[in-house]
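Notes follow the structure.
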Amino acid sequence: MKKNQLFAPFLMLLAGAVASLMMYRFHYGMKQMLLILLAVLLFFYVAGSFIQGKVNAFVSQIRETEEEERIKLEQEAAREEEASVEQVGETTENAAE
């Protein structure tokens, strides 16, 4: 499993742990604590999934841009190589005359 796929569960569990500790500290009842914890876990899982999706889309967009730039650089390098080969060929022809 990739690291970026663990963001939503990690955020959910972290928020659940913080919420549990705070509710324990303030002496919430067990039934009330469980309902609040369920709501917190669901909310933060959905929020984490949304953030994870946005980050993945952003990263894939960056990768696509980098790939396009790499292809352009390769094409420019090939053109420059062709131009230098043509210049060498012309220079050789002029020297032969």
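Could you check segment 1-12 and list, in sequence order, the residues that are part of a helix (DSSP H, G or I) and without any contact (Cβ under 8 Å) to a residue 12 or more places away in the chain?
First, the residues of segment 1-12 that are part of a helix (DSSP H, G or I): 3-12.
Within segment 1-12, LYS3, LEU6 meet the criteria.
For segment 1-16, residues that are out of contact with any helix residue (DSSP H, G or I) (no Cβ under 7 Å at 6 or more places or on another chain) and exposed (fewer than 12 other Cβ atoms within 10 Å of the Cβ) total 4. The residue pairs whose first member lies in segment 26-49 and is over 13 Å from LEU13 (Cβ atoms), whose second member is part of a helix (DSSP H, G or I) and of a type in the set (Phe, Trp, Tyr), and whose beta carbons are closer than 9 Å, counting only pairs six or more residues apart or on different chains, are MET33/TYR24; SER49/PHE7.
Read-outs throughout are calculated quantities, based only on the coordinates presented, and are distinct from any laboratory measurement. Note that the structure is a prediction, hence the values are computed from the model and not measured. Every residue, glycine as well, gets a Cβ built from its backbone with ideal geometry; the counts of neighbours run over all protein chains shown.
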